[in-house]
Amino acid sequence: TYVWPCAVVLAQYLWAHRRSLPGKRVLEIGAGVSLPGVVAARCGAQVILSDSEELPQCLQSCRSSCLMNRLPHVPVLGLTWGRVSPELLSLAPIDVILGSDVFFDPKDFEDILTTIYFLLEKNPHAQFWTTYQVRSADWSIEALLHKWNLKSSHIPLHSFGADKEHLASSSMPGRHTIEMMIISLAQ
């Protein structure tokens with residue numbers, strides 16, 4: 001039940017692009033308290049929130065965020081990275097996948113990208129909009145992007161007004177080093 005700095009930065013990106021969101025079909029993975037997904041839904045996107053099916057408290061947190069923000073219609077699904085489940089297989093088409101700070105533990109990187117690859121193969125024009133906190137110079141997803149035939153584009157934070165220590169009256173992201181990228185299928 002904590003809003004991480006990456007979520008605030010991704011929410012700022014969504015706000016900066018709010019005019020493109022109405023009608024977009026958006027899936028947030030690893031949603032937790034769901035700030036980016038809630039912002040997308042409030043901006044008119046058709047949002048599905050998800051977190052690990054093994055973490056019922058996280059799924060309840062997603063539901064609570066929806067109710068607190070008057071979004072009772074937003075579905076919440078249990079999707080576990082790297083696992084092909086009936087919920088994953090039956091997802092409706094999506095345009096954008098959101099993930100804030102999902103790349104926090106290197107042991108999960110391949111499972112995350114496996115899931116993203118599956119979703120992008122099923123939705124070839126979709127994109128994965130993700131923010132992450134730089135925790136170690138040794139951590140990289142470049143080899144995994146190549147392995148899964150994915151490409152990334154770095155999005156400078158200053159391009160959407162997120163290169164500050166304070167965003168939206170919040171002290172986050174503070175002095176954390178946050179990066180943003182958009183991942184898509186390599187054509």
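Structure summary
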read-out: Expected 222 nm ellipticity per residue - DSSP helices of 4 or more, -39500 (n - 2.57), all of the chain, to 500; value: -9000 deg cm²/dmol
read-out: Solvent accessible area, Å² - TYR117, 1.4 Å probe, full protein context; value: 60 Å²
read-out: Cα→Cβ-extended label distance, 7 Å offset, between LYS107 and HIS73, nm; value: 4.1 nm
read-out: For the range 1-151: accessible area per residue (Å², 1.4 Å); value: 49 Å²
read-out: Carbon/sulfur fraction of accessible area - the chain, other protein chains in place, 1.4 Å, %; value: 54 percent
read-out: ARG18/ASP138 FRET efficiency (R0 35 Å; Cβ-Cβ; nearest 0.05); value: 0.45
read-out: Computed log₁₀ I(q)/I(0) - Debye formula, equal Cα scatterers, no solvent, the chain, q 0.12, 0.20 Å⁻¹; value: -0.52, -1.63
read-out: Rounded accessible area of ILE141 (nearest 10 Å², 1.4 Å probe); value: 20 Å²
read-out: Spin-label model distance (nm) - VAL3 vs LYS151, 7 Å beyond Cα toward Cβ; value: 3.5 nm
read-out: Gap separating the Cα centres of the range 19-61 and the range 129-165, nearest whole Å; value: 20 Å
read-out: Of LYS24/LYS147; LYS107/LYS147; LYS122/LYS147; LYS122/LYS151, pairs whose Cα-Cα distance is over 23 Å; value: LYS24/LYS147
read-out: Per-peptide average of other Cβ atoms within 10 Å, ordering 85-97, 22-34 highest first; value: 22-34, 85-97
read-out: Within the range 1-30: backbone nitrogen closer than 13 Å to the PHE160 label point (7 Å, Cα to C-beta); value: 6-21
read-out: Potential lengthening between GLU87 and LYS122 on full extension [0.36 nm per residue; Cα-Cα distance subtracted]; value: 11.2 nm
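The values are calculated or read from the model by the stated rules, or taken from the named source; none is laboratory data. Remember, it's a predicted structure, so these values are computed and weren't measured experimentally. Note: ideal-geometry Cβ built from the backbone for every residue, glycine included; neighbour counts use all protein chains shown. In case anyone asks, the SASA skips ligands and DNA or RNA and just uses the protein heavy atoms, side chains included. Shrake-Rupley method; radii C 1.70, N 1.55, O 1.52, S 1.80 Å.
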